[in-house]
Amino acid sequence: MAKRPVTKTTRVPRRTQEQRRHDTRNAVLNAAMKILVEDGYEKFTTTRVAKAAGVSRGAQENYFRTKNELIVAATRHTLSRAEDEARLLAARNAGSADPVQAFIENSKSFYFNPNYLALMEMVAVSRRNPALSKVNTPVVRKFRSAVDAIWIDALCATGYERQGVKSFVKITHYLLRGMAFASVFQSRKSEFSELLDTWLHMGRRELKRI
């Protein structure tokens, strides 16, 4: 009788305590942002977040003791990922002849993401909540400054004049913010793409090479 071949079982390495903590924290932050996106600030509670994340209330409070702490952490977590995406895309297009389209596409993906409107709701809430504003507003400003710098440097690296690039980046953000808010009540979103194509061509035409 032929012997059965001996097979080795691959053992999945056990997660370290640090990995478990990291995974739990991310689960809580992702759940927090999901609730903010779907139900807004008024229905946001730490109890709901813990349940959605599949952790106990006590486990959650080991990381975030208050509602404001959790909201700020979720904001930072979401914006950090968006910053990483911008940096990766900018680096990927560093060797291209013209990264203007990459910049607009990256900005469009950020502003037209459901997370953006949730984040802006937090900014609006902060106007009436000084304690939240004190810790949340600097996080948002730091993100915007960092991503602006990423794309300004990327565009200037291809030979565009810096002052013109700064203006172009700023105006692009104002344009997309308006579109993002209009998208809440405007059904004909298809025209946004047409307008952005026009803006892309205008940018390529108006930006000056050194």
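Summary table
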| read-out | value |
| --- | --- |
| Breaking point among (1) part of a helix (DSSP H, G or I); (2) surrounded by 14 or more Cβ atoms within 10 Å (Cβ to Cβ); (3) not small (Gly, Ala, Ser), for Gln19 | (2) |
| Failed item in (1) in a helix (DSSP H, G or I); (2) in contact (Cβ under 8 Å) with a residue 40 or more places away in the chain; (3) under 30 Å from Ile210 (Cβ atoms), with Ser96 passing the rest | (1) |
| Any chance Asp148 is more than 17 Å from the chain's Cα centre (by Cα) and within 16 Å of Ala86 (Cβ to Cβ) | no |
| Contacts under 7 angstrom Cβ, first residue in the range 57-68 being under 20 Å from Glu18 (Cα atoms), partner charged (D, E, K, R), 6 or more apart | Tyr63/Arg25 |
| Residue match in the range 34-47 (condition: under 18 Å from Pro114 (Cα atoms), among the aromatic types (Phe, Trp, Tyr) and not in a helix (DSSP H, G or I)) | yes |
| Where Met179 falls short, out of the listed (1) surrounded by 16 or more Cβ atoms within 10 Å (Cβ to Cβ); (2) modelled with pLDDT of 95 or more | (2) |
| Lone unmet requirement of (1) more than 14 Å from Asp98 (Cβ to Cβ); (2) at pLDDT below 95; (3) more than 20 Å from the chain's Cα centre (by Cα) for Ser167 | (2) |
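The values are calculated or read from the model by the stated rules, or taken from the named source; none is laboratory data. On a predicted model such as this, the values are computed, not experimentally measured, just so you know. Quick reminder, even Gly has a Cβ in these numbers, built from the backbone with ideal geometry, and neighbours come from all protein chains shown.
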